[in-house]
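Beneath this line is the structure, given in structure tokens, with notes to follow.
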Amino acid sequence: MALSDSKGKLIISIGDMERIVYPRSATKLFQCLALASLKPDVSQKEYSVICSSHNGQEEHVEVVNQFLRKNNLLLKHLICGSHWSLEKKVLIDQVRKFEKPTTLISNCSGKHSGMLLLSKLLNENPSNYESLDHPVQKRIIGILSILTGQNILEFPHGIDGCGVPAYSAPIKIWARAFARFASGDDISEELNEGRIIISNSIFNEPMMLAGERRICTAIARNLGHQITPKMGAEGVYCCSLNDKGLGLILKSRDGSRRAVEFALGKVLKILDYNISNDLNKFFDDKVYNIAGREVGFKKIKLLN
């Protein structure tokens, strides 16, 4: 875990700060910044869903679908693939209604739609927008390098589950990047305006960021005027603490959410954030078995 300011000064650090981490979906905020900094005609709902790893609920699908139509973008150009909803109740309803999931239901359909629009604004062919040498990805790489203060391609990179590049860097570097997103320090005016647009959009449209029974939506709904949150795959959670100008990243070694969400709650409480009862449910220190019986508790000790 790393909590840093925009200069890279570590406020809290636990573990190896040189450890290479792939934030995965947490970098959707930065990928969206490549679009927002150009100030296109994009609504707050649309910006929030572009940053999302959404449940594929009806409202998410509708916003993405309308976004594509409004901008004359083609669904067939999305390369993210399809899968059923991430939320059990929605998944059951979808299985009853559809023979197979559509690309619009993909939790990354918003991000990919945003990349299609970015390609259009750059007057580029949308084909292969996921390739490292495509202008869309080159612009994103440039922004990642500015926020991290490093050439992001110096570190290993791969392909994310949705087909676009996934970038890595030491955990302390990512903390600094989220601090720069929080503060606007050491970035251009256009990027600063873009990150404000994104943060405000997520605050005003928290449901679009994830959906029902999701921690990202709960944080944005309860603390979005102070924090811009974003989860990543394999036990990653990142926050731009906008009111403090700090960046936070947590990574669970076993890739499980159960540890990282509990640790996040502890850190937010230490930083004196007002945790609502609704949000506190995600930070429960109790462990339950399948029958719902309490069988243990979680414990964490924060050390410098």
What single numbered condition from (1) under 30 Å from SER276 (Cα atoms); (2) at pLDDT 95 or above fails to hold for GLU212?
(2)
Condition (residue is under 24 Å from ALA34 (Cβ atoms) and in a helix (DSSP H, G or I)) applied to the range 220-242: is it met by at least one residue?
yes
Leading residue by the ranking (nearest to ALA220 (Cα to Cα)) among those in the range 279-292 that are modelled with pLDDT under 90 and of a type in the set (D, E, K, R)
ASP284
Quick check on my filter: what residues within the range 258-280 are touching a residue at least 24 places away in the same chain (Cβ under 8 Å), surrounded by 11 or more Cβ atoms within 10 Å (Cβ to Cβ) and of a type in the set (D, E, K, R)?
ARG258, GLU261, LYS266
Is it fair to say LEU10 is more than 18 Å from ALA210 (Cβ to Cβ), in contact (Cβ under 8 Å) with a residue 24 or more places away in the chain, surrounded by 23 or more Cβ atoms within 10 Å (Cβ to Cβ) and touching a strand residue (DSSP E or B) at 6+ places or on another chain (Cβ under 7 Å)?
no
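Per-residue answers, yes or no, for (1) more than 20 Å from the chain's Cα centre (by Cα); (2) farther than 30 Å from ILE270 by Cβ:
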site	(1), (2)
VAL21	no, no
THR27	no, no
SER43	no, yes
GLU46	no, yes
PHE98	yes, yes
Look through the range 149-187, keep the residues that are within 28 Å of SER43 (Cβ to Cβ) and free of Cβ contacts under 8 Å to residues at least 40 places away in the same chain, and return whichever of them is surrounded by the most Cβ atoms within 10 Å (Cβ to Cβ).
PRO165
For GLU18, state whether it is surrounded by fewer than 24 Cβ atoms within 10 Å (Cβ to Cβ) and assigned to a loop (DSSP other than H, G, I, E, B).
yes
Would it be correct to say that GLY81 is touching a residue at least 40 places away in the same chain (Cβ under 8 Å), surrounded by 17 or more Cβ atoms within 10 Å (Cβ to Cβ) and in a loop (DSSP other than H, G, I, E, B)?
no
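The values are calculated or read from the model by the stated rules, or taken from the named source; none is laboratory data. Bear in mind the structure is a predicted one, so any value in this text is a computation, not a measurement. Counting neighbours? That spans all protein chains shown, and the Cβs are built from the backbone with ideal geometry, glycine included.
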